[in-house]
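The values are calculated or read from the model by the stated rules, or taken from the named source; none is laboratory data. Predicted model only: the values in this text are computed from it and were never measured. Quick reminder, even Gly has a Cβ in these numbers, built from the backbone with ideal geometry, and neighbours come from all protein chains shown.
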Amino acid sequence: MQRPKLRDNKAKKLYELYPIGEIPDDVIYTIGKWMTYYFAIGKSDIDGEDWGDVFAKAINGGHMNSPIGLADVVFEGMAWSVKSVKSDKPFAQERIRVISGRCSPDYSYEISDPHEDIQKTGTAVLSIYNERINIAKDNYEPLRNSILIRNFNNLEFLLFEKEAKRFVTKDYVWEKNKNGNLRGVEAVSGKHLFTWQPHGSQFTINYEIPMSAKKFKIKRPKVLDFEKTMEHIGFDQSWVTIL
């Protein structure tokens, strides 16, 4: 049947802070500035929450305390799901495996034995992920994945973006590996794209690093002296009230 013609069937012009993958240099400089600050106050690494704060500050956006679907950081009407992964050689990475959250087929679909029907379980895992995309896109559009690959020993970083998109569940075949985890591969190419772990329900996605990825380094600062810092801000015992 032919699709109906609708009066409101017009493409909505979506706001973009910048085109996907074309991260402005001033955003990278601000990210580097905040990372330098974290080192200066004594941090040896940054966790996912820290990275969300840094990215939000760099784009003058907001880092939500509780994500909406996959939306962690927001600016105006658009949002990012922000992730950070360690690597010994960020600049040499061609692919990276990223933890994308926990998907529980048992909780969501009452699949108590994930190995009884592997294809059904894999489809359920992708459906849970897709629903998180739906929830985010109900509130924000466009929605992107922003992934930082980091090495805090030599202070090398690689940052790239991918569109956060739904996956067509029938396009993937699932198999069990020797550890009992489920692997999702593209039915056509055989390329391994997903891993789901029954123990803990952790879901990971493999990403290819795009040519647009931004590479940058920062200089390691001296760690601020605690006592001198307290003196500089004028701290004394009156700042602490024992109740």
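Would you please list the contacts, defined by Cβ atoms under 9 Å and residues six or more apart or on different chains, that run from a residue in the range 131-147 that is at positive phi and hydroxyl-bearing (Ser, Thr, Tyr) to a residue that is assigned to a strand (DSSP E or B) and surrounded by 19 or more Cβ atoms within 10 Å (Cβ to Cβ)?
Between residues of the range 131-147 that are at positive phi and hydroxyl-bearing (Ser, Thr, Tyr) and residues that are assigned to a strand (DSSP E or B) and surrounded by 19 or more Cβ atoms within 10 Å (Cβ to Cβ), there is no close pair.
Taking the range 24-63, which residues are of a type in the set (A, V, I, L, M, F, W, C), in contact (Cβ under 8 Å) with a residue 60 or more places away in the chain and closer than 19 Å to LYS222 by Cα?
ILE31, MET35, PHE39, ALA40, ILE41, ILE46 - these are the residues of the range 24-63 that are of a type in the set (A, V, I, L, M, F, W, C), in contact (Cβ under 8 Å) with a residue 60 or more places away in the chain and closer than 19 Å to LYS222 by Cα.
Taking ASP26 and the conditions (1) exposed (fewer than 12 other Cβ atoms within 10 Å of the Cβ); (2) in contact with a His (Cβ under 7 Å, 6 or more places away or on another chain), which numbered condition does it fall short on, given that it satisfies the others?
Evaluating ASP26 over (1) exposed (fewer than 12 other Cβ atoms within 10 Å of the Cβ); (2) in contact with a His (Cβ under 7 Å, 6 or more places away or on another chain) leaves (2) as the failure.
With respect to LEU158, determine if the residue is in contact with a Pro (Cβ under 6 Å, 6 or more places away or on another chain), modelled with pLDDT of 95 or more and crowded, with 21+ Cβ neighbours inside 10 Å. Steps first, answer last, please.
Working: in contact with a Pro (Cβ under 6 Å, 6 or more places away or on another chain): yes; modelled with pLDDT of 95 or more: yes; crowded, with 21+ Cβ neighbours inside 10 Å: yes.
Judged against the criteria, LEU158 is a match.
In the range 217-238, which residues are under 38 Å from the mean Cα position of the chain (by Cα), surrounded by fewer than 10 Cβ atoms within 10 Å (Cβ to Cβ) and not basic (Lys, Arg)?
Residues satisfying the conditions are GLU227, ILE233.
Which numbered condition in (1) surrounded by fewer than 16 Cβ atoms within 10 Å (Cβ to Cβ); (2) closer than 24 Å to ILE20 by Cα; (3) out of contact with any strand residue (DSSP E or B) (no Cβ under 7 Å at 6 or more places or on another chain) is the only one that ASN179 fails?
Status for ASN179: all satisfied but (2).
Hey, any hits in the range 203-212 for a residue that's over 13 Å from ILE96 (Cα atoms), assigned to a strand (DSSP E or B), touching a residue at least 40 places away in the same chain (Cβ under 8 Å) and among the aliphatic types (A, V, I, L, M)?
no
Could you check the range 213-232 and list, in sequence order, the residues that are farther than 18 Å from GLU156 by Cβ and assigned to a loop (DSSP other than H, G, I, E, B)?
Matches in the range 213-232: LYS222, VAL223, LEU224, ASP225.
Can you report the number of residues in the range 85-140 which are in contact with a helix residue (DSSP H, G or I) (Cβ under 8 Å, 6 or more places away or on another chain), part of a loop (DSSP other than H, G, I, E, B) and under 20 Å from LYS162 (Cβ atoms)?
So the answer is 1.
Regarding SER127, is this residue of a type in the set (Ser, Thr, Tyr) and within 30 Å of SER44 (Cα to Cα)?
no
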